[in-house]
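The values are calculated or read from the model by the stated rules, or taken from the named source; none is laboratory data. The structure displayed is predicted, hence computed values, not measured ones. No Cβ is skipped: glycine too gets one built from the backbone with ideal geometry, and neighbour counts run over all protein chains shown. The area values use the complete protein model at the heavy-atom level, side chains included, leaving out ligands, DNA and RNA. Shrake-Rupley method; radii C 1.70, N 1.55, O 1.52, S 1.80 Å.
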Amino acid sequence: MDPRIIHQLDPTLHEKSRLSIASVLKEREVLSFIELKRLLGMTDGNLCVHIKTLERKGYLVTTKRRESGKTCTTCKLSDRGKEALNAYLDNLQTLLDAVRGTGRRRRRRRTELN
């Protein structure tokens with residue numbers, strides 16, 4: 001396996017909370033902050049930090065509006081975020097294939113030796 005494959009994984013999305021946020025938003029398109037918080041079981045502060053990181057990277061777009069006297073924040077993956085998630089998943093699949101391929105060769109060699 002070529003170890004450079006690991007370095008091709010996007011470090012922003014490789015963090016499990018941000019990967020969770022991006023994955024849920026890819027499936028559901030738009031979610032409120034409260035919905036994300038409930039789905040992912042995150043605290044307000046933790047979710048806020050990860051949303052800001054994704055937003056700074058251009059992967060996420062947030063919209064704030066007033067609803068019944070309260071601010072409601074909604075989150076959506078940007079086109080750049082969708083592309084980044086797809087590229088991350090492709091790179092991860094390449095890594096998995098490489099590792100699994102190596103494991104299969106080793107098993108065959110051991111079998112052949114016996």
Could you list all residues from segment 41-74 that are within 15 Å of residue 13 (Cβ to Cβ) and in contact (Cβ under 8 Å) with a residue 12 or more places away in the chain? 50, 51, 53, 54, 57, 58, 59, 60
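In segment 91-104, is there at least one residue being within 26 Å of residue 2 (Cα to Cα), among the small types (Gly, Ala, Ser) and modelled with pLDDT of 95 or more? If you could, list the steps in order and put the result at the bottom.
At the first step, the residues of segment 91-104 found to be within 26 Å of residue 2 (Cα to Cα) are 91-104.
Remaining after also requiring among the small types (Gly, Ala, Ser): 98, 101, 103.
Subset that is modelled with pLDDT of 95 or more: none.
Within segment 91-104 (the criterion being within 26 Å of residue 2 (Cα to Cα), among the small types (Gly, Ala, Ser) and modelled with pLDDT of 95 or more), the answer is no, since none of the residues qualifies.
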Considering only segment 37-60, I want to know if a residue exists there that is modelled with pLDDT of 95 or more, under 30 Å from residue 101 (Cβ atoms), open to solvent by less than 60 Å² (accessible area, probe 1.4 Å) and touching a Leu at 6+ places or on another chain (Cβ under 8 Å). no
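Determine whether residue 21 is crowded, with 16+ Cβ neighbours inside 10 Å, in contact with a Ser or Thr (Cβ under 8 Å, 6 or more places away or on another chain) and among the aliphatic types (A, V, I, L, M).
On the way: crowded, with 16+ Cβ neighbours inside 10 Å: yes; in contact with a Ser or Thr (Cβ under 8 Å, 6 or more places away or on another chain): no; among the aliphatic types (A, V, I, L, M): yes.
Spelling it out, it is not the case that residue 21 is crowded, with 16+ Cβ neighbours inside 10 Å, in contact with a Ser or Thr (Cβ under 8 Å, 6 or more places away or on another chain) and among the aliphatic types (A, V, I, L, M).
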Filtered residues of segment 68-105 (kept if open to solvent by less than 50 Å² (accessible area, probe 1.4 Å) and of a type outside the set (A, V, I, L, M)): 72, 73, 74, 75, 78, 81, 88, 91, 101, 102, 103
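Only one of 28, 65 is in contact with a strand residue (DSSP E or B) (Cβ under 9 Å, 6 or more places away or on another chain), farther than 29 Å from residue 5 by Cβ and surrounded by fewer than 16 Cβ atoms within 10 Å (Cβ to Cβ). Can you tell me which? Reasoning before the result, please.
On the way: 28 fails: in contact with a strand residue (DSSP E or B) (Cβ under 9 Å, 6 or more places away or on another chain).
The match here is 65.
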Residues of segment 16-60 satisfying the condition of being on the phi > 0 side of the Ramachandran plot and among the small types (Gly, Ala, Ser): 41, 58
